[in-house]
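Engineer: Have a look at this one before I ask anything.
The values are calculated or read from the model by the stated rules, or taken from the named source; none is laboratory data. These figures come from a predicted structure and were not determined experimentally. Note that each Cβ is placed from the backbone with ideal geometry, even for glycine, and that neighbours are counted across all protein chains shown. The area values use the complete protein model at the heavy-atom level, side chains included, leaving out ligands, DNA and RNA. Shrake-Rupley method; radii C 1.70, N 1.55, O 1.52, S 1.80 Å.
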Amino acid sequence: MKVSAVKVFDKKVLNHLVLSVGTAEQNTVCKRCPDGCFSNETSSKAPCRKHTNCSAFGLLLIQRGNMTHDNICSGNSESTQKCGIDITLCEEAFFRFAVPTKFTPNWLSVLVDNLPGTKVNAESIERIKRRHSSQEQTFQLLKLWKHQNKDQDMVKKIIQDIDLCEKSVQRHIGHANLTFEQLSSLMQSLPGKKVETEDIERTMKACKSNEQILKLLSLWRMKNGDQDTLKGLMHGLKHLKTYHLPKTVTQSLKKTIRFLHSFTMYRLYQKLFLEMIGNQVQSVKISCL
């Protein structure tokens, strides 16, 4: 990585990160921000920041950022009204039921061939394969199929049942109105890669208070690939100190986990899965377990 000297002590040039602050004997030494990051400040304490992921916030990328400027996003996306949540907790729980714990080499092809209605085209499938890990590929495929077939009666029923599940989740945690510090504590308690401070700040600006936890959990799942959000949340709640969150919020999150893991919901997942792809793929799923 290119290293350059900066003549003004205790300063850095734009798009650089300070390696060592200047002294009376030597200049400040900097390195360029890595790809996907930018810096528009000259302070020696200012870090390089990641470009905003517009799609993660349900926004459209209208101008790509560079080393000195962030991406510019527009709010003209359909999902903006839903706070840009990529995959909801209910969708994830349902999709996880549809995903085998061990994959056969042709699992995605079997799923594509057996999904009713309008087929996901080959170009979209290849794009999904390039961008996502094996388990996430199935999530993204089912999400795309669901969107393409939303006007079909069978898919409408699936969407209605998932919507009912999401309304129940909202009843459990929709009253939560957490501060930035409380949201940060919750995110820090989750295992794996952490949701960054900037993402929490953007979420608080872009989302209503009753959507913020769900949005941040969605961002955590996207950062951590195949990690199960509910398992991550269970881990976090075990390690959170009692003073980090109001007791009512902790109890509500635990109720949400129990609800999505309940036998009633398991029967719903089973019903939706069989309606969606039928007994042929069900037998493939069982043979993969």
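Engineer: On the basis of being open to solvent by less than 50 Å² (accessible area, probe 1.4 Å) and either under 19 Å from the mean Cα position of the chain (by Cα) or not assigned by the TED database to the domain that holds S109 (or both), does S133 make the cut?
Structural biologist: Working: open to solvent by less than 50 Å² (accessible area, probe 1.4 Å): yes; either under 19 Å from the mean Cα position of the chain (by Cα) or not assigned by the TED database to the domain that holds S109 (or both): yes.
It is true that S133 is open to solvent by less than 50 Å² (accessible area, probe 1.4 Å) and either under 19 Å from the mean Cα position of the chain (by Cα) or not assigned by the TED database to the domain that holds S109 (or both).
Engineer: Here's a follow-up. Look at Q137 and say whether it is over 23 Å from Q270 (Cβ atoms) and of a type outside the set (K, R).
Structural biologist: Numbers: over 23 Å from Q270 (Cβ atoms): no; of a type outside the set (K, R): yes.
So Q137 fails the test.
Yes/no matrix, rows are residues, columns are (1) at pLDDT 85 or above; (2) part of a helix (DSSP H, G or I); (3) open to solvent by 30 Å² or more (accessible area, probe 1.4 Å):
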site: E91; (1), (2), (3): yes, yes, no
site: F95; (1), (2), (3): no, yes, no
site: P100; (1), (2), (3): no, no, no
site: P105; (1), (2), (3): no, no, yes
site: L108; (1), (2), (3): no, yes, no
site: G117; (1), (2), (3): no, no, yes
site: S124; (1), (2), (3): yes, yes, no
site: I128; (1), (2), (3): yes, yes, no
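Engineer: May I ask you to say which residue of C73, C83 is at pLDDT 65 or above, within 21 Å of R221 (Cβ to Cβ) and out of contact with any strand residue (DSSP E or B) (no Cβ under 9 Å at 6 or more places or on another chain)?
Structural biologist: Details: C73 fails: out of contact with any strand residue (DSSP E or B) (no Cβ under 9 Å at 6 or more places or on another chain).
The conditions single out C83.
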